[in-house]
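Below: one structure, written as structure tokens.
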Amino acid sequence: MSILLLIEQVLNGLQFGLMLFLMAAGLTLIFGVMGIINLAHGSLYMVGAFAAAGVAGATGSFALGLVAALAAAAMAGAIVEITVIRRLYTRDHLDQVLATFALILIFSEGTRWLFGSFPLFLDVPAALSGAVTLPGGIEYPLYRLAIIVIGLAVAAGLFWLIARTRIGIRIRAGESDREMIAALGVDISRLYTLVFALGAALAGFSGALVGAIQSVQVGMGEPVLILAFVVIVIGGIGSIRGAFVGAILVGLTDTLGRFLLPVLFGFVMDPSAATSVGSALASMLIYILMAAVLLFRPTGLYGRA
Amino acid sequence: MKFRTLLAAASVAALGVAAQAEGVKVGMITTLSGGGAGLGIDVRDGFLLAVKQSGRDDIEVVVEDDQRKPEIAVQLADKLIQSEKVDVMTGIIWSNLAMAVVPAATAQGKFYLSPNAGPSALAGRGCHENYFNVSWQNDAFNEAAGAWTSENGIGKVFLMAPNYPAGKDMIAGFKRFFKGEVTEEVYTKLGQQDYAAEIAQMRASDADLVYYFLPGGMGISFMKQYAGSGADKAVMGPAFSFDQGILGAIGEAALGVKNTAHWSKDLDVPGNAEFVASFQAEYGRLPSLYAAQGFDTGLLVASAASKADVGDADAFRAALKEADFQSVRGAFKFGANNHPIQNIYMREVVKEGDIVTNRVIGTAATDHTDAYVGDCKM
């Protein structure tokens with residue numbers, strides 16, 4: 001095992017983490033501001049990927065596909081908020097879970113009905129395909145490098161939006177006291193629709209980006225949704241900064257664990273036992289991380305008590 | 001059932017002739033919704049096409065959707081057996097669902113014909129006289145691939161599969177016939193979609209060939225990422241990751257990849273070209289391996305129904321065992337454990353016009369039988 005391979009795996013972990021951040025940011029924002037547990041967040045990710053694949057397939061332009069993904073996911077998010085979620089603010093979390101779980105089924109079968117049962121084709125744009133040689137001689141796929149840059153840019157933009165803009169102030173205010181900001185004359189229901197659409201757009205955007213290197217198929221959102229929940233629980237529910245740190249932690253832990261654990265066990269066991277113990281433990285690693293974080297900080301890394 | 005048997009017996013006695021074939025009721029439990037629905041839909045469409053082409057209107061098919069969930073498959077099986085009173089069951093795609101349904105169904109005297117999925121437990125000690133596998137035993141494609149790799153002088157391989165029983169079976173199957181050196185053996189999380197870490201290991205490895213089994217979306221994700229990574233090792237796998245329904249989603253990234261299967265749309269055997277043409281005419285898409293298996297299963301039911309009355313279980317079983325139908329894979333017969341003895345071919349992914357598809361480049365194993373037949377006592 002060379003040091004270059006290790007550096008490459010760290011890059012892979014970062015890239016995976018930034019992708020998770022795009023998912024988790026929307027989820028944590030929606031929970032933090034609106035108090036809604038949105039299980040259908042994975043479906044919005046899927047909507048983004050399918051919109052991108054559909055439009056990119058028809059026009060041949062990946063950029064148009066990305067725009068379509070943002071638009072379609074934001075629109076789907078806004079519609080869902082207005083028709084379903086709005087009725088759930090005063091209900092308890094169990095009702096929200098039930099309703100948003102129903103939305104998963106509706107989105108999945110609806111997508112299947114529209115696009116068919118076979119996975120769709122979405123390829124990396126020609127300008128970003130292939131590998132580049134990084135300083136030190138690491139060959140790294142250009143597209144993954146682009147995802148790292150885009151992920152960092154979106155994170156910076158989101159921090160700026162929340163901390164520096166008027167809408168960000170309202171979002172933070174809505175997070176701390178729903179009744180109060182309504183009394184101050186802020187149109188709370190419009191704000192909620194906006195936040196939900198923003199979260200949905202982020203999910204759709206990440207679905208489209210990932211769709212180019214993964215399988216665009218019905219049900220693609222649910223595994224990511226579980227990881228996104230792990231991320232926001234580690235980071236502290238409702239905190240964007242927590243989602244960022246949590247996502248990077250989960251990305252690095254998962255990637256490096258998959259790679260290093262079988263090697264580490266190889267020092268004390270025979271190869272085949274090391275492989276099976278190592279890979280079994282690697283798939284549990286992020287949940288062990290989550291349990292450890294919760295043990296020492298029950299509200300997550302940046303969560304408020 | 002008992003009434004029907006009596007009736008059949010009475011009619012035989014009264015007429016004093018060979019059993020008059022009465023209708024066969026087929027219960028099909030397959031995956032029609034959610035992830036993996038493409039496989040079930042292909043099996044169903046292939047099966048129904050065969051029944052339609054047989055011209056028999058006495059084969060009734062009841063189709064149910066298991067949503068890829070074992071508990072739902074079990075409920076549907078109970079319903080089909082108890083209230084629909086089917087004679088023959090088929091359709092299940094996944095090994096874990098088959099394990100939940102098949103032993104119970106055969107124990108209740110139903111016939112089960114597997115159009116996909118061949119877990120080793122049902123081929124060896126758990127074999128049953130009423131269970132017929134019309135597809136393959138899980139290890140078969142991999143055994144053939146292992147043999148082909150050694151015969152073609154490839155010495156070092158990198159193996160990868162998801163960490164679950166079928167994944168380990170497939171890798172064990174490859175190793176059973178492969179004589180070279182396994183440089184790395186990696187088991188990934190089931191459902192994993194990002195393979196950057198594994199691909200980096202492949203690039204660093206000194207293997208000559210990457211052999212992997214990643215069904216469904218996992219394989220699509222892996223192949224797209226592998227093609228974009230700059231890695232240049234040859235890639236091979238069983239046909240599941242390179243079948244028609246999946247190639248459309250991978251695109252040109254899969255070109256040149258070799259894969260093993262018992263069927264291909266260009267396989268030059270009697271009846272295959274007609275099957276491909278009629279499937280395309282009927283459904284407007286190219287048939288997959290799963291469609292071919294569904295079609296053969298339909299042909300098998302029709303052939304057995306024309307030889308024997310399903311009410312006479314022994315005669316119907318014997319008729320099934322004869323496998324007297326023109327398989328679209330060419331020569332096909334059942335071994336002692338009712339699993340196929342058939343050729344396994346090596347295919348290569350090529351581009352024909354705008355379509356990415358497979359063509360046969362050679363035979364990887366001739367009259368291949370499974371490794372578990374010796375454990376089967378029936």
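Quick notes
- Look at (1) over 18 Å from residue A:198 (Cα atoms); (2) aliphatic (A, V, I, L, M); (3) surrounded by 13 or more Cβ atoms within 10 Å (Cβ to Cβ) and you find that residue A:79 fails only one, number (1).
Conditions tested, residue by residue: (1) under 16 Å from the mean Cα position of the chain (by Cα); (2) crowded, with 19+ Cβ neighbours inside 10 Å; (3) farther than 20 Å from residue A:217 by Cα.
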residue	(1), (2), (3)
A:13	yes, yes, yes
A:17	yes, yes, yes
A:28	yes, yes, yes
A:49	yes, yes, no
A:84	no, no, yes
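Residue-by-condition table, conditions (1) of a type in the set (Val, Ile, Thr); (2) over 26 Å from residue A:225 (Cβ atoms):
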residue	(1), (2)
A:70	no, no
A:82	yes, no
A:92	no, no
A:105	no, no
A:113	no, no
A:157	no, no
A:163	no, yes
A:166	no, yes
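- Sole exception among (1) aliphatic (A, V, I, L, M); (2) touching a Leu at 6+ places or on another chain (Cβ under 9 Å); (3) away from chain A (no Cβ under 13 Å) for residue B:254, by number: (3)
- Residue list for segment B:38-67, filter: touching a residue at least 12 places away in the same chain (Cβ under 8 Å), within 14 Å of chain A (Cβ to nearest Cβ) and farther than 18 Å from residue B:105 by Cα: B:38, B:39, B:40, B:42, B:43, B:44, B:45, B:67
- Residue within segment B:175-185 that is at pLDDT 90 or above and at the interface with chain A (Cβ under 7 Å from one of its Cβ atoms) present: yes
- Residue in segment A:218-239 that is farthest from the other protein chains (Cβ to nearest Cβ), counting only those that are crowded, with 21+ Cβ neighbours inside 10 Å and more than 17 Å from residue A:293 (Cα to Cα): A:225
- Condition check for residue A:270: in contact (Cβ under 8 Å) with a residue 24 or more places away in the chain and of a type in the set (Asp, Glu): no
- Residues that are more than 9 Å from chain B (Cβ to nearest Cβ) and either among the basic types (Lys, Arg) or surrounded by fewer than 16 Cβ atoms within 10 Å (Cβ to Cβ) (or both), drawn from segment A:119-132: A:126, A:127
- Residue check, residue B:195 at pLDDT 90 or above, at negative phi, surrounded by 24 or more Cβ atoms within 10 Å (Cβ to Cβ) and more than 22 Å from the chain's Cα centre (by Cα): yes
- Filter pass, residue B:201 being free of Cβ contacts under 8 Å to residues at least 60 places away in the same chain, under 19 Å from residue B:94 (Cα atoms) and within 9 Å of chain A (Cβ to nearest Cβ): no
- Among the criteria (1) under 25 Å from residue A:203 (Cα atoms); (2) in contact with a strand residue (DSSP E or B) (Cβ under 6 Å, 6 or more places away or on another chain), the one residue A:285 does not fulfil is (2).
- Selection status of residue B:50, surrounded by 14 or more Cβ atoms within 10 Å (Cβ to Cβ), at pLDDT 95 or above and not in a loop (DSSP other than H, G, I, E, B): yes
- Residue tally, condition more than 10 Å from every other protein chain (Cβ to nearest Cβ) and either within 13 Å of residue A:49 (Cα to Cα) or assigned to a loop (DSSP other than H, G, I, E, B) (or both), over segment A:108-118: 2
- Set side by side, the residues B:142, B:138 differ, and just one is away from every other protein chain (no Cβ under 14 Å), touching a residue at least 24 places away in the same chain (Cβ under 8 Å) and not in a helix (DSSP H, G or I), which is B:138.
- Selection from segment A:87-118 of residues that are basic (Lys, Arg) and surrounded by fewer than 15 Cβ atoms within 10 Å (Cβ to Cβ): A:87, A:91
- Selection count where residues are of a type in the set (Gly, Ala, Ser), loosely packed, with under 14 Cβ neighbours inside 10 Å and free of Cβ contacts under 8 Å to residues at least 40 places away in the same chain, scope segment B:332-373: 1
- Meets criteria (in contact with a helix residue (DSSP H, G or I) (Cβ under 8 Å, 6 or more places away or on another chain) and either under 20 Å from residue B:90 (Cα atoms) or assigned by TED's automatic domain parsing to the domain that holds residue B:157 (or both)) for residue B:256: no
- Check on residue B:172, more than 25 Å from residue B:112 (Cα to Cα), surrounded by fewer than 22 Cβ atoms within 10 Å (Cβ to Cβ), hydrophobic (A, V, I, L, M, F, W, C) and in contact (Cβ under 8 Å) with a residue 40 or more places away in the chain: no
- Against the criterion of being touching a Ser or Thr at 6+ places or on another chain (Cβ under 6 Å) and more than 24 Å from residue B:58 (Cβ to Cβ), residue B:374 does not qualify.
- Matching residues in segment B:234-293 - criterion: being farther than 15 Å from residue B:351 by Cα, among the hydroxyl-bearing types (Ser, Thr, Tyr) and not in a helix (DSSP H, G or I): B:260, B:288
- Taken together, A:206, A:189, A:215 contain a single residue that is crowded, with 19+ Cβ neighbours inside 10 Å, more than 12 Å from every other protein chain (Cβ to nearest Cβ) and of a type in the set (S, T, N, Q), which is A:206.
The values are calculated or read from the model by the stated rules, or taken from the named source; none is laboratory data. Predicted model only: the values in this text are computed from it and were never measured. Because the Cβ atoms are built from the backbone with ideal geometry, glycine has one as well, and the counts that use them run over all protein chains shown.
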